[in-house]
Each structure stands twice: as C-alpha cells, then as structure tokens.
Amino acid sequence: MKIRLELLLSLGLMVSGGLFAQTPAQKSKVEKVAPVPTLDLQDGDTFVFLGDSITHQCLYTQYIEDFFYTRYPDRQIHFHNAGVSGDRATHALARFEDDVASFKPKYVSVLLGMNDGEYKDFSQDIFGVYKKDMLEVIGKIDELKSSPMLLSPTMFDHHQLELRASDPTFPFKNREFSKQYNSIMAFYGAWLREQATGNRYAFADFWAPLNDLTFLERRSEPDFTMVTDAIHPDAGGQVVMAYSFLSQLNPDRRSVSAISIIKQGKEWRGRGVGGKIDGIKELDGGNGIEFTFKARSLPWVLPEEAFGVEMKKWKTPGPAIGYKLTKAGHRISNERLKVSGLEAGNYAVSIDGKSIGKPVSHVVLGSKIELQANVNTPQYQQAMQVALLNREKNDKVIRPLRNLWSRIKGLRNRHADDPTAFQVEYEKLKPRIDEFLKSSREYEKRIYQAAQPKVRKYVIRRVVK
C-alpha cells in the first residue's frame, strides 16, 4: 500500500510538473488534442476569481487586474474577487449563488485544493470529497453559461515549515502537516488538468512554476522561499502565479508596443506596433530625430510594496522577485524602441521633455532598447499610478469585503441546523456588501480614467562632448 501511495504521488508530481509532457509530433501520433482555450475578455465582460485564502489575499488577483487595466484601457472589464480564507470546494458551493452567479461572469477561475486535502497524508476518501465538490462547482459554472478556468493548487513549502518550526511568531507552529503534502497538491492539480483537458476548459498550472523557480534559486540560496508561512505565497510568489495565469492563457496583447524608425535615403520612416507614430522630424544639423507616439496600452508594473495598509497577517516582501524570476516584463509586457540610421555617436533619449536615463550609442538604438521597466518614462509612471490606485481599491474595499464573507461563513456554520436564523443574520449584512460593491465600481471608473494612454513626444538627440 505504501509503495502504491508513493507511486501515485510521484506520478502526480511528474504529470503536474510537465515531465511526461509530449511533443507536438508525439501528440499527433497518439491523439488529436483540442485547442487550448484562451482568455478573451471584451468590453463589459466580468471575471470572477473563486478561491480560498490565497485568493482572499488579493495579490495574484490584483496583479492580473493590473495587467488588464493597463493592457486593455479601451475595454471596461469588471473583476470580482470571491476568495474566502479556509474555504474548501464545499464552502464555495454554499455561497456560489450570491458571490459568483449574481455577477453573471463570462469566466470564473477556480483556485481550491490547499484546504481540501486537509493537510493530511493522501486519502481516497478526502480526495473523493474534493473531486465530488469540485465537479459540482464546475457544473454550476457551466450552468451559468460561463467558462470555468481551472487553476492548480499552489506550492506547499516543507523546507520553510521546518525552518520556522521553532519560530514563536509562526502561525502554524502547533499544527500537524503531512510530509507529502506538496506532492499531494501536485496530484490534485494533475487531476484538475485532466478535467480541463477532457472538457476543453482553460487550465493554468501554479504548482510547477512555484516549485521550479524555488528549486533553481535554492541552488545558490538554500533557504530561498516565496512561501514564508509554507502555505500562502508571498507577493513574489503571487506574481509568479499571475504571470503563469497570463502566459498560459494567451491574452491577445502580449506586448505593449514596438516603435521602429529607419532612415531610407534622406527620409525617416516609422512603424508603430501597438500604437501610432506621427510627426517624425530630423533635428537641426542631423543630430537626431523627434516624433510623437500614442500607444494603445501601458506597461504592466507593480507597486514596490504588496500592501498599502498595515497587515496583521500575510506580511510579505514585495513582488519584485517574482517579476524578476519570470522575466515578466520582457515576456508579456515588452515595450521596444528601435531607431536605425542615426549618425555615429551617443544619444540622449527623452520623453515629454524628461530624460529616461544615460545616453546610449547609435548601435544600441539600432538594435533596440526596452522601456517597460524604465521607471523614468512617463508611461511607466502613469501605469504605476494605475497600480497604486488598484492596490488602494483592494486594501480598502476588496479585502474588507472578503473579510465580511468570512464572517458570513462563520454565521452559516453556527446556524447549520437553522437556515432561517442564518438568513436573518445574512440579510442584516447585505447592505454592507452592496456598499462595498458600489465602492468597487467607483474605484474601477477612476482606474480606467487613469489608465488612458496619452500622446508622448520622443526626442533622440546626439550628445556633443
């Protein structure tokens, strides 16, 4: 029995991590694989994030929102966080109608499983309950004519658990955990992916990227972690989750913009991908060029601090490490500038009259420079204001709303044998829920106003010593 269990967990680990992944050529010989569903959010669509405390943290959800607010400022896309701490699939079912269905979502992502396994060794009975309840959750989403987006459970960090065993501030110091729990989460994720594949649902793997990046970093930093309390990913880990969500589900705008300007004979010609170039003009004496460019999007940037308010739990380092490890800026937020045909020399680049950094050579400009992570550009600064406003929305509205839903879960448990008594208490809290939702919509309007791209003037001038 022990050998079978270890084999079962190992298979789950390898399947979720992609070690058994087939090449396209192999797949064509074995079976016809249905196209992977992609994310297609249009103007007026609503997206619901359904989950447990990892969703309740309002971090990976916030970072995904930031991406859409800045990448699609021309679309009014609405987001609703439906995460509640401690939830299992059965709890999500209990609040589904009011916390999910009422928003008439186009998509519902589902991140559950960490609590469903009960932190115990693998049990077919425990897994059977999870499977039954998850299938019912997915069925309810289907009944709404919405698209389920299944998300694998995240990493359980056993090494971090051992390191913090004697830490008096560790919130789980007196709790028992299975020594195979991370592998069990891999198995849960592998089963979930099979459901997605068989039913052509979208699926994003969080478990493998978190584990893979942690494993690689521990080669040089043995105690590296992105899950400080062993369960809840830090902000850096939540960026890995957001990046994995976005990169695996293929939104149609994977880059911000690409400006290409070249001199042909005596004429300067330009091409702008993701925006419009106007007014290309050579500077006096042939010392450079100027032009205007209006991008359709802003870069995906994240606040340096995860929270803008004091947090009693989920204290976490900022998101920068996750952004760095995934190379998220280069891969799904690229903003390029390329100018070919400049006279030999070094050139200062300014946007809206402000320098974006040290001068660069004509060779570098002729190859390309990337701007998405340049804090000096006005578009980066504008995007940061959007992200900070969204962080404020999540700090002041969304997380308090999720706390209220935690309270509602407590009331439901307390009155489990008296549904009428629960309904009386719940009705008293509904006005507060409505207030939070109204405030969220008001924030959303402000965020979209702040995200509207502007015409920017670029000047590329040769530096004369």
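The values are calculated or read from the model by the stated rules, or taken from the named source; none is laboratory data. What you are looking at is a predicted structure, and each value in this text was computed from that prediction instead of being measured. Positions of Cβ are backbone-derived with ideal geometry, glycine not excepted, and every protein chain shown enters the neighbour counts.
Here are the numbers for the structure shown:
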item: Pairs where the first residue, in segment 149-161, is closer than 12 Å to PRO209 by Cβ and the second is in a helix (DSSP H, G or I) and at pLDDT below 95, C-beta under 9 Å, 6+ apart; result: SER152/SER16
item: Tabulated pairs, segment 90-112, first more than 20 Å from TYR201 (Cβ to Cβ) and touching a residue at least 40 places away in the same chain (Cβ under 8 Å), second of a type in the set (A, V, I, L, M) and buried (at least 20 other Cβ atoms within 10 Å of the Cβ), C-beta under 6 angstrom, 6+ apart or interchain; result: ASP99/ALA82
item: Qualifying positions in segment 302-335 - closer than 17 Å to LEU216 by Cβ and not aliphatic (A, V, I, L, M); result: GLY322, TYR323, LYS324, THR326, LYS327, ARG331
item: Elements of type strands (runs of 3 or more DSSP E) in segment 185-276, at least 3 residues being over 14 Å from the mean Cα position of the chain (by Cα) and among the β-branched types (Val, Ile, Thr); result: 255-264
item: Checking GLU310 against (1) touching a strand residue (DSSP E or B) at 6+ places or on another chain (Cβ under 8 Å); (2) over 20 Å from TRP268 (Cβ atoms); (3) surrounded by fewer than 20 Cβ atoms within 10 Å (Cβ to Cβ); (4) of a type in the set (Asp, Glu), the condition it does not meet; result: (1)
item: Residue pairs meeting the criteria (Cβ under 8 Å; at least 6 apart or on separate chains; first within 15 Å of ILE64 (Cα to Cα) and in contact (Cβ under 8 Å) with a residue 12 or more places away in the chain, in segment 390-405; second hydrophobic (A, V, I, L, M, F, W, C) and surrounded by fewer than 21 Cβ atoms within 10 Å (Cβ to Cβ)); result: ARG391/PHE307; ILE398/PHE436
item: Evaluation of GLU176 against (1) outside any helix (DSSP H, G or I); (2) of a type outside the set (Lys, Arg); (3) buried (at least 16 other Cβ atoms within 10 Å of the Cβ); (4) touching a residue at least 24 places away in the same chain (Cβ under 8 Å) (one fails), failing number; result: (3)
item: Index of the failed condition, LEU111 passing every other in (1) within 21 Å of the chain's Cα centre (by Cα); (2) closer than 30 Å to ARG296 by Cβ; result: (2)
item: Test: SER440 is surrounded by 13 or more Cβ atoms within 10 Å (Cβ to Cβ), over 22 Å from the mean Cα position of the chain (by Cα), touching a residue at least 24 places away in the same chain (Cβ under 8 Å) and part of a helix (DSSP H, G or I); result: no
item: Unique residue being touching a His at 6+ places or on another chain (Cβ under 8 Å) and in contact (Cβ under 8 Å) with a residue 40 or more places away in the chain when the list is ASP229, ASP212, ASP223, ASP252; result: ASP223
item: Residue that is surrounded by the most Cβ atoms within 10 Å (Cβ to Cβ), among those in segment 331-379 that are within 30 Å of VAL240 (Cα to Cα), β-branched (Val, Ile, Thr) and in contact with a Ser or Thr (Cβ under 8 Å, 6 or more places away or on another chain); result: ILE332
item: Residue check for GLN382: loosely packed, with under 14 Cβ neighbours inside 10 Å, touching a residue at least 40 places away in the same chain (Cβ under 8 Å) and polar (S, T, N, Q); result: no
item: All positions within segment 277-295 that are assigned to a loop (DSSP other than H, G, I, E, B) and either of a type in the set (Ser, Thr, Tyr) or surrounded by 14 or more Cβ atoms within 10 Å (Cβ to Cβ) (or both); result: ASN287
item: Failed item in (1) of a type outside the set (S, T, N, Q); (2) under 25 Å from LEU41 (Cα atoms); (3) touching an Asp or Glu at 6+ places or on another chain (Cβ under 9 Å); (4) crowded, with 16+ Cβ neighbours inside 10 Å, with VAL239 passing the rest; result: (3)
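Yes or no, residue by residue, for (1) outside any loop (DSSP other than H, G, I, E, B); (2) of a type in the set (Phe, Trp, Tyr):
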site	(1), (2)
PHE68	yes, yes
PRO73	no, no
SER85	no, no
THR90	yes, no
ASP98	yes, no
GLY113	no, no
LYS120	no, no
LEU135	yes, no
ASP142	yes, no
